[in-house]
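S.K.: The structure that follows is given in the form of structure tokens.
The values are calculated or read from the model by the stated rules, or taken from the named source; none is laboratory data. Fair warning: this is a prediction, and the values are worked out from it, not measured in the lab. Glycine gets a Cβ as well: all are built from the backbone with ideal geometry, and neighbour counts include every protein chain shown. Accessible surface is based on the protein model in full, side chains and every heavy atom, while ligands, DNA and RNA are left aside. Shrake-Rupley method; radii C 1.70, N 1.55, O 1.52, S 1.80 Å.
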Amino acid sequence: MSDAKSSAPQPLYSLAGVGRSYSKGGITVEAVRSIDLDIAAGEMVSLEGPSGSGKSTLLQLIGALDAPTRGSIRFNGRELAHESQKELTRLRSEEIGFVFQHFNLIPTLTAQENVAIAMVPSGASRSARSERAEGLLQQVGLGHRLHHLPTRLSGGEQQRVAIARALANSPRVVIADEPTGNLDSETAAEVISVLAGLRDTAGVTLILATHDDEIGRIAEHRVRLRDGSIV
């Protein structure tokens, strides 16, 4: 009989003893301390805690935007510290999508163009990029706003464009840093609904740093941080 533990699916992410420290004015700041964390494929994970608790730093590490000072981060069984910069760039482009608090849309491009431009590195044709961008914007409820510039979109609409852009290259993971931080409660609820629906429509793993308790309530996996440690 096979061992039940060995037959269990491996986590998409496995963090062991992860720490990240910075030198600031001659003082060492421990932003993240000895984090042990497994994240399963398809999970919705909320990283919660007050400002300065290490949420954003941990997101950067999980998103391969930064490297830990100590410890191990494995993604899909691969140790990120062993990957080349070229491979990490590919990973960030193709397998991880990012959503930021401040949207980061290009003001001179329409909603459709903002999504399509994320697919340029893939080598897809202009028409294929445009068609997929349209489909993604329809998926997040913005099929009627394809040709609007960001200045003509509400905050919630801009964030939904950012979510569509994060999905452009069919990532396995979407990482969001305070995705409702600049939104009123009603608009935030709409964005949360869109994010929660991604698990069913796109099959992605969602990892969100948030102060929003509503996100925490619908996440399967809540991780509370304080002073860089899980509590």
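S.K.: In region 44-59, what residues are open to solvent by 40 Å² or more (accessible area, probe 1.4 Å) and closer than 21 Å to Glu220 by Cα?
M.R.: Across region 44-59, the qualifying residues are Pro50, Ser56.
S.K.: Do we have Arg92 as open to solvent by 30 Å² or more (accessible area, probe 1.4 Å) and either at pLDDT below 95 or out of contact with any helix residue (DSSP H, G or I) (no Cβ under 7 Å at 6 or more places or on another chain) (or both) here?
M.R.: It is true that Arg92 is open to solvent by 30 Å² or more (accessible area, probe 1.4 Å) and either at pLDDT below 95 or out of contact with any helix residue (DSSP H, G or I) (no Cβ under 7 Å at 6 or more places or on another chain) (or both).
S.K.: Considering region 95-129 alone, what residues qualify as being open to solvent by 60 Å² or more (accessible area, probe 1.4 Å) and of a type in the set (Phe, Trp, Tyr)?
M.R.: Phe100
S.K.: Right, next: Which residue out of Thr89, Thr108 is β-branched (Val, Ile, Thr) and free of Cβ contacts under 8 Å to residues at least 12 places away in the same chain?
M.R.: Within the list Thr89, Thr108, the selection yields Thr89.
S.K.: Mind counting the residues in region 60-79 that are open to solvent by 20 Å² or more (accessible area, probe 1.4 Å) and of a type in the set (A, V, I, L, M)?
M.R.: Qualifying residue count for the region: 2.
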